[in-house]
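The structure appears right after this line, and notes come after that.
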Amino acid sequence: MVNYFKFIFLFLLIKYSFSEITYDIDESNNTIKISYNDVILFDHSTSSPIVSVGFGEATFVDSLGSFDITDEILYKDDLTYYAIITANATYTEIHFRKNDDDTDGFQAVFTLREMSTESGVDHLHYEIYSIGNGTEYNRIFFVLVGEKDEGVGRIVNDSNTNSGSVGSYYTTYWPQASYLSDRYYSLILSNYEYSELNFESPEQNLIYVHSNYVTGDILQENEMIPLVSKISKFIGLQQRLPEWILKGAVIAFEGGTDEVMPLYNQVKESGVDVSAIWIQDWSGKIRTGFGYRVYWNWKLDDTFYTDFDSHIKNLTEDGVNVMVYCNPYLIEGSELFQIADRNGYFLKTSSGETYLQDFGGFSAGTIDLYSQEANQWYTETLRNNTIKIGIKGWMADFGEYTDLDMFSSSTIEPEVLHNKLPFVWADTNRNIVGDSNEDVVYFMRSGSRGSSSRQMLNWAGDQNVDFSIADGVASTIVASLSLSVSGMGLTHFDIGGYTTQTPVLTRSEELLLRSAEYAVFTPVMRTHLGNEPNANVQVYDSPELLSKFSRLTKIHSRLYNYTKSLLDLNLNEGIPVLRPVLLHYPNNAEVKDLKTQYMFGSDVIVAPVIHKGQTIVSVFIPGGDDSEWLSFWPKVSNETYFGPQTYDVDAPIGYPAAFYRKDSSYSDLFRSISDDFGIL
C-alpha cells in the first residue's frame, strides 16, 4: 500500500475553428475560460475547478500478468482560486490555490505553451506541477490504465470468474493515455504513471494521474483525417513493411522438420499463396497445463528442426520466407538463461537475485532491457540467431508482464519500468533489425506511448477461438480501430484466434473461414494454430478447406497494389490502413455507433461477420445522396448501394460484406476480383 499525490484536471468540449490561445476572464466571479483555436478546452469556476489535488492509497495485486487494482482517494482539495501570471496568444501560466488569501502556501502551476516539433507538427503543450508547501509529497509512478496482460476470456459480468490471466472487457495490451474528440482535437498524456480517463460526464472529461507532475500535449485540426495524421506524426510513424508480407498469407506450422515440411508442401501444392511459414516452436516446446508452449531459449533447436538451414534456403528460393517467435524472457535452466544469469542481465529482486516469474507451468527471467549491456547482448543474440541464419521475421510477444517488485540495474523506478517496457521492447526489436534491413518484419501486441514509432506491425493479441464479442473475432476490429486513431496504423490479428480450452472452446471451420475472409481486407493475413493445435480446425485439415482458404489468399494477393498504396500513405502521412468510418464521414450520425464495420483505406468498406451462423450483415453505407458503392460480390447481393443508408446484405461464407467506391481509381482492380472470385 502506498500514499500518493494526485492531480485531477478537467476538459470541457465545444465547437472548433482556427485562432490561437484566447481567454474569457471574470476575476470578480473567479472564472476563466481558455480556448485554443477557438475550442474551449478549460472552463474554471469555483464550483467546477480545473485543478484538484488529493491523497490516496492504492494496492496492486498481480496474478499471471493481470492486476487487481484497488484505488481509494482519502481526501481531495479543489484549487478554486487562481492568479494569472502570463496570458498571451502563445503562452499561459496560472497558479491555482485552495484559499483566496493563501498566496504563500501550496500552489499548482498550470502552463500552456504553443510549440512545434522538429518535423513541424504544431501542438499545445501543457504542464501542471506544484510549488510551495506540499511539494514534499512523493510522486507515485504506477500502472497506466490497463497496463497489464490483456488476459484470456475477458470478464463481462461477475458470473464469469477465473483466476490468473483473466481480464475484463476494458483491459488492453496498449493503454496509451490519449483520446480523440469529435470536436477535432486529441489529448495525449505524457505521464507513464497510473492514469484514468473518465468520460462519464457529458460535460467534462476527467484525467486522473498518480503524480505531482502532469504533462502532455493537445493537437488540433479542422478535419478528422488531418488530425489523425498529425497524431501519428507527433508520436512517431511506423517503419516500412517488406512487400513480401503483403502477398498471400503467413501460415503457421509446428512440430519439427518432419511435421512442418510435408504440411507446407501440401498447402503450397493446393494453390495457397504463401508469403511465409511461421514456426513458433523453432526453439523447442514444452507441455504445460495450458497446452504446448514454446521453449523460451531463442535459438534454433536443431534436434527438432533438423537440416533446417537448407530448408530455409530452399524456401527462400521458392519465394517463401521463414518467421519465428521470441519475447523478452528466458526460461529457467536454458542455455541462454544461464548466460544471462551469470552476467546479471535479468531484472532483480530487492535483494539482488534474478527475479523468476511464473508464466503458467514454468518460470522465466526478464531481460533488463534498461541496462545498456544487457540490451546490447540480447539484441546481438537475437540478431545472430535469427537474421544471420536467414529468418525474415518474428512475433515479438509480451512486453507488459513485469511486476512492481522487479528492479533494473538502472535507476528507473519499478512503476515506470513496467509502463515503459513495451516501448523499450519495441525499440530493442527495431535495433535487432537495424534501420537498413527492409526485408525483415516483427509484430507485437504490447505498446505504450511512443511504441508506434519503433514498431512495424501490431497484432491484436490472444483472442478466443470463438465469436464472443468481448474476446472473439469482433474484438480484433475494435482493437485495430482504437489503435488507428492513436498513432498505430498497421494492425492485423490471428486468423481463427488463439485461446483454446478443450473441450468447451475449440476452433470451428466456420470461425476459421470467417476470420480469414475478414483478414483479406487487412494488410497482413496470418494464421495461428492456437495453444492446443490438435483441438482446432486448421487450414490444411481437408482439401475442401484448403481450396476455400486458397481462394481467399489469392484475393489478398490481388489487392496488393491497393494495399501497398495504403501502406505508403501510412508511412509518409500517418494515415492508418484500417479506419473507423467516422474519420471519413463525421457528418453521418450513424457512424458513431459502428464498432465492427470499418474502412480499408478510403475506397473500401468492410462489415465482417461476427456471429456464429450469421449469413446476413447489417451495413451502413456512408456519404451523401450521390455516394455510390459497388459490392465485391454482385452475384451474391445487390450490385449498387447508395448512401447514407443501412442495408441488410447477404454474406455467405467466403463472401464478406465488402464494397468499393464506384469512382475509385482502383475500381478496375476491384472489379477484377468480382469477376474472377465472385462466383458461388
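The table that follows gives values for the structure above.
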item	result
Any hit, region 497-514, residues being under 30 Å from residue 219 (Cβ atoms) and at pLDDT 95 or above	no
Cβ-Cβ under 7 Å pairs, at least 6 apart or on other chains, region 233-260 side aliphatic (A, V, I, L, M), far side surrounded by fewer than 18 Cβ atoms within 10 Å (Cβ to Cβ) and in a helix (DSSP H, G or I)	237/571; 246/560; 246/564
Enumeration of residues in region 331-372 that are assigned to a strand (DSSP E or B) and under 24 Å from the mean Cα position of the chain (by Cα)	366, 367
Residues located in region 212-226, provided they are outside any strand (DSSP E or B) and surrounded by fewer than 20 Cβ atoms within 10 Å (Cβ to Cβ)	221, 222, 223, 224, 225, 226
Selection within region 52-63 - farther than 30 Å from residue 80 by Cβ and either polar (S, T, N, Q) or surrounded by fewer than 18 Cβ atoms within 10 Å (Cβ to Cβ) (or both)	59, 61, 63
Selected residue (criterion: modelled with the lowest pLDDT) from residues of region 170-198 that are of a type outside the set (Gly, Ala, Ser) and within 15 Å of the chain's Cα centre (by Cα)	170
Pairs with Cβ under 7 Å, 6+ apart, first in region 47-71 and not assigned by TED's automatic domain parsing to the domain that holds residue 212, second assigned to a loop (DSSP other than H, G, I, E, B) and buried (at least 19 other Cβ atoms within 10 Å of the Cβ)	none
Region 472-498, residues that are over 26 Å from residue 179 (Cα atoms) and surrounded by fewer than 24 Cβ atoms within 10 Å (Cβ to Cβ)	498
Boolean, residue 315 is surrounded by 21 or more Cβ atoms within 10 Å (Cβ to Cβ), assigned by TED's automatic domain parsing to the domain that holds residue 446 and in contact with a helix residue (DSSP H, G or I) (Cβ under 9 Å, 6 or more places away or on another chain)	yes
Selection within region 261-312 - free of Cβ contacts under 8 Å to residues at least 24 places away in the same chain, polar (S, T, N, Q) and closer than 17 Å to residue 334 by Cα	303
Test result for residue 415, touching a residue at least 24 places away in the same chain (Cβ under 8 Å), out of contact with any helix residue (DSSP H, G or I) (no Cβ under 7 Å at 6 or more places or on another chain) and under 30 Å from residue 350 (Cβ atoms)	yes
Qualifying residue in region 71-87 (condition: surrounded by 15 or more Cβ atoms within 10 Å (Cβ to Cβ) and within 30 Å of residue 360 (Cα to Cα))	yes
Residue match in region 350-358 (condition: in contact (Cβ under 8 Å) with a residue 12 or more places away in the chain, of a type in the set (Asp, Glu) and farther than 20 Å from residue 441 by Cβ)	yes
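The values are calculated or read from the model by the stated rules, or taken from the named source; none is laboratory data. Everything numeric here is computed off the predicted structure, so don't read it as measured data. Please note: Cβ atoms are built from the backbone with ideal geometry, for glycine as well, and neighbour counts cover all protein chains shown.
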